Amino acid sequence: MVSFIDEHREAYGVESICAVLPIAPSTYYEHKAREGNPQHRPPRVVRDEALKPEIQRVWDENFQVYGVRKVWQQLRREDICVARCTVTRLMRELGLRGVVRGRRCRTTIPDTALDRPADRVNRDFKVNRPNALWVSDLTYVATWRGFVYVAFVIDAFARRIVGWRVSTGQRADPPQ
């Protein structure tokens, strides 16, 4: 929005543009002051810029496997006082993730010998009447006794479930 105001401020003025847009003139002027003088930046932004290299360093020094909890604990050991939620936010901004132990649950194993069904609607799910297009979905839910698989048939017009089936195993053939 600031760039839009900059482009049109000569013709219309800042206050009249801000009256139409959902932005206060003081917000615009504060943003422009921060661009001109970095000392006016909020303390959180300044602190984040100081913490990002530290988080990156700890993550790199530990073979890029540490997650939020371990990075946060290492920073505390180094007497860098930071909240865990701040480490979470900054690691997300930096694109850093910890390695997750264990096996991934593989729920679908495609048969490479079979042809995949064609996309007959070309990903266009807009229909103008009921029962013109039904789509299906398959999901799984973890329970105490193992996975339960649920298949849904959904009417694309009403976006309502038309039919469903629950099973403890994945079978492609219809029940007898």
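Values in this text are rule-based calculations from the coordinates and carry no lab data. Everything numeric here is computed off the predicted structure, so don't read it as measured data. With ideal geometry, Cβ positions are generated from the backbone for all residues, glycine too; neighbour counts draw on all protein chains shown.
Okay, here's what the table says:
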| item | result |
| --- | --- |
| Selection count where residues are in a loop (DSSP other than H, G, I, E, B) and not acidic (D, E), scope the stretch 67-91 | 5 |
| Odd one out for V127, checked against (1) surrounded by 10 or more Cβ atoms within 10 Å (Cβ to Cβ); (2) assigned to a loop (DSSP other than H, G, I, E, B); (3) without any contact (Cβ under 8 Å) to a residue 12 or more places away in the chain | (3) |
| Residue in the stretch 96-104 that is among the charged types (D, E, K, R), closer than 30 Å to A142 by Cβ, in contact (Cβ under 8 Å) with a residue 24 or more places away in the chain and in a loop (DSSP other than H, G, I, E, B) present | yes |
| Residue within the stretch 72-80 that is within 30 Å of A142 (Cβ to Cβ) and out of contact with any Pro (no Cβ under 8 Å at 6 or more places or on another chain) present | yes |
| Test result for Q64, free of Cβ contacts under 8 Å to residues at least 40 places away in the same chain and not in a loop (DSSP other than H, G, I, E, B) | no |
| Residues located in the stretch 15-34, provided they are touching a residue at least 24 places away in the same chain (Cβ under 8 Å) and among the aromatic types (F, W, Y) | Y28 |
| Hits in the stretch 62-80 (condition: of a type outside the set (A, V, I, L, M) and within 16 Å of K52 (Cβ to Cβ)) | Q64, Y66, W72, Q74, E78 |
| Failed item, numbered, when V87 is tested on (1) surrounded by 16 or more Cβ atoms within 10 Å (Cβ to Cβ); (2) under 30 Å from D6 (Cα atoms) | (2) |
